[in-house]
């Protein structure tokens, strides 16, 4: 059984997005469009992770500073968010 770390998944998505974006920016015929198409979803996954992470960080601060409970949607793993258990 293997647990995937969502932070590693987000960093991998960002690295992939950067690599695909660099290929797209080169404008190589045939490769640029495919690279652009692959960069966009990877960038979106990375942005979603960063947003969720910052929201969770702020909720953690509120918990420590004011005793405000963390919303349940931040405690539960997002579907398909990299926390899946592989067997």
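No lab work stands behind these numbers, since they all come straight from the coordinates. Because the structure is predicted, anything quoted here is derived from the model rather than measured. In this analysis, Cβ positions are derived from the backbone assuming ideal geometry, glycine residues included, and neighbour counts consider all displayed protein chains.
For the pair residue 57 and residue 36, a Förster radius of 30 Å applied to the C-beta separation gives a FRET efficiency near 0.45, rounded to the nearest 0.05. Spin-label pair residue 64-residue 44: with each label point 7 Å from Cα along the Cα-Cβ axis, the two points sit 3.4 nm from one another.
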